[in-house]
Amino acid sequence: MTKIENDPKLDFHQVLIKPKRSTINSRSKVDLNREIRFKYSTIKWKGVPIIAANMDTTGTFEVYNALKEYNMITALHKFYSLEDYRKMLEKGLDPNYYMVSTGIGQQSFEHLSSILSEIPCYWICIDIANGYISDLVDFCAKVRETWPDKIICAGNVVSGDMVQDLVLYGKVDVVKIGIGPGSACTTRLKTGVGMPQLSAILECAEYAHRFDAHIIGDGGITCPGDASKAFGAGADFIMMGGAFAGHEENPGEIQTQSDGTQMKVFYGMSSQMAMNNHYGKMEKYRASEGRELKIPFKGKMENTVLDYLGGIRSTCTYINAKTIKQMSKCTTFVIVSQQVNNVFGGI
Ligand code: 5GP
């Protein structure tokens, strides 16, 4: 067994996208909508392949309302009850633009079943921190057997072997990639486990596409340039938490600091705060692999959305990509010797 893999693995900040001759003379010529057919589900989806993370602070109905205007998806957090969904359904829920999230226990399965029995839904997001445990593949296969036509996403993993298992044996349409890159994540510090996200996306995209499946690049996107790098590396979708946090539409009060700056709280889903909110305590055998942070208040979600969409469009004009789908074909990365992005943790 190889004890050390010698080829360097890279994060977003260690590369730049090389510009190329382009015939796309204006950002308005770029179409960011993508139409996708899936490996198992027969649902044909069209939209902008950007997803708000299923975290307490971003996977909410309010964020859904803001993002669906831009044909983007919100992965709703798993703590909404059937009653919450019923109320939201009365106000209108477009099944193209939200995901129902679930863990992999029996209780999670029952909760998922109760929601899907009443609520029109296309997307299921099966989400656990460590996608390497064997129960995940079995759970995915059970969900596929029960709902053959849903678009099933599952993760998180960071290597081709697990992408293959999830697609072939778990019968998953879309594999979610990312262990350790999240802005509120401390897995790398607490466990020493992880994989630089750009390399994880490159490897996993290759495996998934070989089997006609898709991937979501989840975590570590701190600015529009990172989003373009993720698409350029082969992500079919990107998922963002921190970038979509800190707005009027996110839950929580604005806190004014002594110097007048306005902040909002954002926290990881395995942080002490999330554990206390949902389970009343942190089990003693677990170490918190998430943190709580205050991030600057960013005003309306629309500001962030337009900033990201404008940035991605601009990348496309630099590399001659007419659509997000073409970005990976048109991207060549150059490795840079030092950090080139912002260094503020990005949110
Ligand atoms: P971000 O866009 O903020 O960099 O990353 C968002 C992703 O971080 C989420 O979609 C999820 O995969 C991951 N994440 C959220 N909360 C936690 C946590 O408490 N611990 C860890 N390890 N990852 C988290």
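The values are calculated or read from the model by the stated rules, or taken from the named source; none is laboratory data. Predicted model only: the values in this text are computed from it and were never measured. Cβ atoms come from the backbone with ideal geometry, glycine included; neighbour counts cover every protein chain shown. Keep in mind that these areas ignore ligands, DNA and RNA; they rest on the heavy atoms of the full protein, side chains included. Shrake-Rupley method; radii C 1.70, N 1.55, O 1.52, S 1.80 Å.
Chymotrypsin sites (Phe, Trp or Tyr not before Pro), restricted to the stretch 203-238: which are DSSP loop and have at most 15 other Cβ atoms within 10 Å? Please list the in-between numbers first.
Numbers: sites: Tyr207, Phe211, Phe231, Phe237; in loops: Phe211.
Answer in residue order: Phe211.
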Checklist outcome for this item: For the stretch 132-186, dividing by residue count, accessible area per residue (probe 1.4 Å) in Å² works out to 33 Å²
Checklist entry - Which cross-chain or sequence-distant (5 or more) residues have an amide H under 5 Å from the amide H of Arg34, H modelled 1.01 Å from N in plane? => result Gly47, Val48
Item to check | Positive dipole terminus of the stretch 244-322, leading residue within Ala287, Asn277, Ser314 (C-beta point charges) | outcome: Ala287
Checklist outcome for this item: Sequence order, the stretch 295-309: Karplus ³J(HN,Hα) from phi using 6.51 cos²θ - 1.76 cosθ + 1.60, θ = phi - 60°, Hz rounded, Gly and Pro as x, gives 10, x, 5, 10, x, 7, 4, 3, 4, 5, 4, 5, 4, 5, 5
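If you roll a 1.4 Å probe over the chain with all protein chains in place, what percent of the accessible area is carbon or sulfur? Walk me through the numbers on the way to the answer.
Details: 7850 of 16010 Å².
C and S atoms contribute 49 percent here.
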Next on the checklist: Give the aspartates and glutamates reachable from Lys3 as a straight Cα distance under 20 Å; neighbours fewer than 8 places away on the same chain don't count.
Outcome noted: Asp161, Glu203
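Once you list every other residue whose beta carbon is under 15 Å from the beta carbon of Gln255, what net charge do they have if Lys and Arg are +1 and Asp and Glu are -1? Don't skip to the end; give the middle numbers.
Working: positive: Lys264, Lys294, Lys298; negative: Glu248, Glu253, Asp259, Glu292.
Taking every other residue near Gln255 into account, the sum is -1.
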Next on the checklist: Give me a comma-separated list of calculated 3J(HN,Hα) values for the stretch 38-45, in order, Karplus coefficients 6.51, -1.76, 1.60 applied at θ = phi - 60°, integers in Hz, x for any Gly or Pro.
Outcome noted: 9, 5, 10, 5, 9, 5, 9, 10
Checklist outcome for this item: Among Gly155, Gly192, Gly225, the residue with the largest mean-square fluctuation in a Gaussian network model of the chain built from Cα contacts under 10 Å is Gly192
Item to check | Nearby lysines by direct alpha-carbon distance to Lys20 (threshold 26 angstrom, same-chain neighbours under 8 apart not counted) | outcome: Lys9, Lys29, Lys229, Lys322, Lys325, Lys329
Checklist entry - Which whole-Hz ³J(HN,Hα) couplings does the stretch 272-279 yield from phi under the Karplus relation 6.51 cos²θ - 1.76 cosθ + 1.60, θ = phi - 60°, glycine and proline marked x? => result 3, 5, 5, 4, 5, 5, 9, 10
Checklist entry - Quick one: Cα centre-to-centre distance for the stretch 175-212 and the stretch 68-96, in angstrom? => result 27 Å
Next on the checklist: Out of the GluC sites (Glu not before Pro) in the stretch 11-107, which ones are loop residues according to DSSP with at most 14 other C-beta atoms within 10 Å?
Outcome noted: Glu69
Checklist outcome for this item: A correct Kirkwood calculation over the Cα atoms of the chain returns a hydrodynamic radius in Å of 20.4 Å
Item to check | Amide hydrogen neighbours beyond the local backbone of Met195, cut-off 5 Å, H modeled | outcome: Ile179
Checklist outcome for this item: Among GluC sites (Glu not before Pro) in the stretch 206-310, those in a DSSP loop whose Cβ has at most 15 other Cβ atoms within 10 Å are Glu248, Glu253, Glu283
